[in-house]
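Undergrad: One structure, as structure tokens, below. Some questions next.
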Amino acid sequence: MKKSLFVFVAFIFACFFAAAQDTGEALDEKTATVEEAVEEADASLNDKTVAEENAPADEKAGDGGEKASENAAPEFSTGEWNGNLYTNDFIGMKYELPQGWEKYGDEEIAAIMNLGKEFLNDNQKKYAELAKLTTVYHILTNNPLTSDTVCLVTEKTFLGISANLYAKRLKHELEAVKSLKYEVDEISTREIAGKKFTALKTRVSTPLSSITQVYYCYRLGKYMVCIIATSKSGDEGIDAMLKAFR
């Protein structure tokens, strides 16, 4: 697992902290806390890289007999928006933007991924280059009133690990972060849009509020598909935003 997922987590928390500007809160200290957490996660991930590369064959194949099937997945695609409906045949899911929510456009997501605007002008080149990246952000939406956020990500996993093992390693890395105190639940499963996801729920208490963030993952060929849902309203907020997937 690469640090890119933690970079996105830092971005999510930055969105929440930015909401404090409306209440006159100072953000410098909170932003520094996020950056420290990412640095700690990066260091911990670097320590585990060798262990992952030398993982036993049965661990790479996955827990419970889960195996990667590259033939099962159609050609890589970032999907597309048609009005407020997002469709991705590669992932096999649709997402309808809830009323009052906003979506990030291609240029905004490209900026997060450090990609130039010229990259977006040629779809053929876009898909070919994106498929080479380790982590791709497909959708990023948020509720401007509550700062609740949903992201759909694919991460290329070269070792062929299962969603369950992926979640175990993510759990380990989050629990190792000292700057932000994560409360991490045990790994569970949840069905979303007819697909069985491995779920890892976390909570973080900040000076502003308590934030719930849940990672939902399933394996698709050589990719790990992840939905990251973040809410200040706990399970109720998470459940409401997942209804947008179908």
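The values are calculated or read from the model by the stated rules, or taken from the named source; none is laboratory data. This is a predicted model, so every value here is computed, not measured. Note: ideal-geometry Cβ built from the backbone for every residue, glycine included; neighbour counts use all protein chains shown. These accessible areas exclude ligands, DNA and RNA; they are computed on the full protein's heavy atoms, side chains included. Shrake-Rupley method; radii C 1.70, N 1.55, O 1.52, S 1.80 Å.
Undergrad: By how many nm would the segment from residue 99 to residue 82 lengthen if fully extended, with 0.36 nm per residue of separation less the alpha-carbon distance?
TA: Value of the extension gain: 4.6 nm.
Undergrad: Also, quick follow-up: Distance check, please: which entries in 103/195; 103/156; 196/243; 181/201 exceed 18 angstrom between their Cα atoms?
TA: In this structure, 103/195; 103/156 lie more than 18 Å apart at Cα.
Undergrad: Between residue 208 and residue 108, take the C-beta separation as r, use R0 = 35 Å, and let me know the FRET efficiency to the nearest 0.05. Numbers along the way, then the final one.
TA: Numbers: r = 24 Å, r/R0 = 0.69.
The value I calculate is 0.90.
Undergrad: Which whole-number value in Å³ per residue fits the convex hull of the alpha carbons of region 196-239?
TA: Roughly 62 Å³ of hull volume per residue.
Undergrad: Could you work out what % of the accessible surface of region 123-246 is carbon and sulfur, using a 1.4 angstrom probe and leaving DNA, RNA and ligands out of the count?
TA: 47 percent
Undergrad: Between the DSSP loop rule and a limit of at most 16 other Cβ atoms within 10 Å, which chymotrypsin sites (Phe, Trp or Tyr not before Pro) in region 149-183 are left?
TA: 158
Undergrad: What is the P(r) of region 175-225, as percent of Cα-Cα pairs per 5 Å bin from 0?
TA: Once binned at 5 Å, the Cα pair distances of region 175-225 give 5, 18, 22, 20, 15, 12, 7, 1, 0.
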